[in-house]
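What follows is a set of notes on a single structure, which appears directly below.
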Amino acid sequence: MSAFSLKIDIADNRYFNGETSPLFSRRQAQQARHFHQKITGYQPTPLYALKDLSALLGIKNILVKDESQRFGLNAFKMLGGSYAIARLLCEKYQLNINDFSFDTIKTTIKEKMTFATTTDGNHGRGVAWAAKQLGQNAVVYMPKGSAQERVDAILKLGAECIVTDMNYDDTVRYTMKVAQENGWEVVQDTAWEGYTKIPTWIMQGYATLADEAVEQMTSMGISRPTHVFLQAGVGAMAGGVLGYLVDVYGASNLHSVVVEPELADCIYRSGVKGQIVNVGGDMATIMAGLACGEPNPLGWEVLRNCATQFISCQDAVAALGMRVLGNPLGHDPRVISGESGAVGTGILAAIHYHPQRDALMQKLGLDRDSVVLVISTEGDTDAKHYREVVWEGKHPATR
């Protein structure tokens, strides 16, 4: 068997206390899912069992939630943006979210609103999509280095899209400033003092995918996963999904691992220190959706309390995951997974081929009885780079 060593730093969460949050519970997730179910074209994204890959790696099962099939948008992010915008409009026009419909709100809104956001690509596309459905305006700011394909996807939805010369976190601050000057509504998936309501709604919206996954596992005869690998940028998805899962299964019954690129590992560093640590600089990782240096305080609280471990890894781990999912073993289904989507599977593959495989498996509590849930959060949202990685061997596992 081949052996190669990719950089994977694993830190145990010394601050774990298992405290759950009423904001990110099964009840809140099911309310969000009820909203999503009313959107034309809604259906749960697939949950695939990679039995042949699991056998190779020596574990019982790998379950991949494929979010590339979410409303034709190639990523999960619209779950948060659409739900937050709906909640915002319900509050503004005194409507009940359980009675919300896009058609009703279109006739209710007298003056067009503008929703502003910062994005690495997928969140902005979701906000632009929701604004278009409602006949409203969207202005989307992106950090420097953003792929043109991701810009074009937002423009095609009728939104204005501006690429700045700043990193993600500085672009968020700029967006807030411009939005305040223009009277726009900011729909952002990170939080700060005085801005928590909308990020909470976004995180609750993300939990729809977790509610689907639990339902799908039950129908597959799986009582619960032993492990979940959740990638993090600001930690909104990871916090929202983990909050739901620990409410369902109990924090002590789930080995949860938060994964980040080493060039933007603010959650990892925060996990080591036990308090929020920000990361600055360009954060030039291929995992564009995770290139965030300042944790969402709402997500961080859930992760600090309930995550088992934190991982910081090099970009080649994500590239390996993209190849493994896109070139399946045996009868496993093919999953087209982008850079940020594939990193959880990449960790599993990288450990299998690592010279210290057994020690790493033990460190993560992986054995022949392990059932691992991973979320492929995006498809090939940058198709050119996807082919450079999968076809041309960019970011190789070995040199």
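In nm², what is the average projected area of the convex hull enclosing the Cα atoms of region 279-399?
Numbers: hull surface 36.4 nm².
Quarter of the Cα hull surface area: 9.1 nm².
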Taking Cα atoms, the helix 343-352 axis meets the longest principal axis of the chain at an angle in degrees (rounded to 10) of 0 degrees
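Please report I162, I222 as a ranked list, fewest other C-beta atoms within 10 angstrom at the top and most at the bottom. Please report the intermediate quantities before stating the final value.
Working: I162 13, I222 17.
Taking fewest neighbouring Cβ atoms as first place, the list is I162, I222.
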Mind checking which of A55, N296, V140 is farthest towards the positive end of the chain's charge dipole, using Cβ charges of +1 (Lys, Arg) and -1 (Asp, Glu) about the Cα centre? A55
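Using the crude model of +1 on Lys and Arg Cβ and -1 on Asp and Glu Cβ, and no other charge, please compute the dipole size for region 1-96 relative to its Cα centre, in debye to 20.
Details: 13 positive and 7 negative charges, 65 e Å.
Rounded to the nearest 20 debye, it is 320 debye.
What whole-number value in cubic angstrom gives the convex hull volume per residue for the C-alpha atoms of region 337-391?
Details: hull volume 4.8 nm³, N = 55.
About 87 Å³ per residue, rounded to a whole number.
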Stretched out fully, how many nm does the piece from F4 to K92 gain, at 0.36 nm a residue minus the Cα gap? 26.1 nm
Of K106/K177; K273/K394; K77/K363; K110/K132; K65/K273; K7/K273, which ones are farther than 22 Å apart at the Cα? K106/K177; K273/K394; K77/K363; K65/K273
Using +1 at the Cβ of each Lys and Arg and -1 at the Cβ of each Asp and Glu in region 1-41, identify which of T40, N13, Q28 lies farthest towards the dipole's positive end. T40
Debye log10 I(q)/I(0) for region 111-252, one point scatterer per Cα, at q = 0.15, 0.20 Å⁻¹: -0.80, -1.16
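Pairs of alpha-carbon atoms within less than 8 angstrom and 6+ residues apart define the contacts here; what relative contact order does region 78-194 have, in percent? The partial results should precede the final answer.
Values: 173 pairs, mean separation 31.9, N = 117.
After rounding, I find 27 percent.
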Could you give the dipole magnitude of region 278-399 about its Cα centre, charging the beta-carbon of Lys and Arg +1 and that of Asp and Glu -1, in debye to the nearest 20? 300 debye
Counting C-alpha atoms alone, how compact is region 275-338: give Rg to one decimal and Dmax as a whole number, in angstrom. 15.4, 44
For region 78-194, take N as its residue count and report Rg(C-alpha) divided by 2.2 N^0.38 Å. 1.03
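For region 201-339, what is the convex hull (Cα atoms) projected area averaged across all directions, in square nanometres?
Working: hull surface 34.8 nm².
If I average the Cα hull's projected area over directions, I get 8.7 nm².
Net charge near D332: determine it from the other residues with C-beta under 9 Å of the C-beta of D332, scoring Lys and Arg +1 and Asp and Glu -1. Before the final figure, lay out the partial values.
On the way: positive: K51, R334; negative: D52.
Computed value for this residue: +1.
Order of L242, L298 from fewest to most other C-beta atoms within 10 Å?
L298, L242
Charges only on Cβ, +1 for Lys and Arg, -1 for Asp and Glu: so what's the dipole of the chain about the Cα centre, in debye to the nearest 20? Let's see the in-between values first.
Details: 37 positive and 42 negative charges, 103 e Å.
Charge dipole, the chain, about its Cα centre: 500 debye, nearest 20.
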For helix 168-182, report the angle its Cα long axis makes with the longest principal axis of the Cα atoms of the chain; keep it between 0 and 90° and round to the nearest 10°. 10 degrees
If unit charges are put on Cβ atoms (+1 for Lys and Arg, -1 for Asp and Glu) and the dipole of region 289-399 is taken about its Cα centre, the option from A349, T381, A318 lying farthest towards the positive end turns out to be A349
List M166, M283 from most exposed to least, where exposure is judged by having the fewest other Cβ atoms within 10 Å. M166, M283
Helix 315-326 against the longest principal axis of the chain: what's the angle in degrees, Cα atoms only, rounded to the nearest 10? 90 degrees
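Where a number appears in this text, it was derived from the coordinates with a stated rule and is not lab data. These numbers were taken from a predicted model, which means no experiment stands behind them. Backbone-built Cβ (ideal geometry, glycine too); neighbour counts: all protein chains shown.
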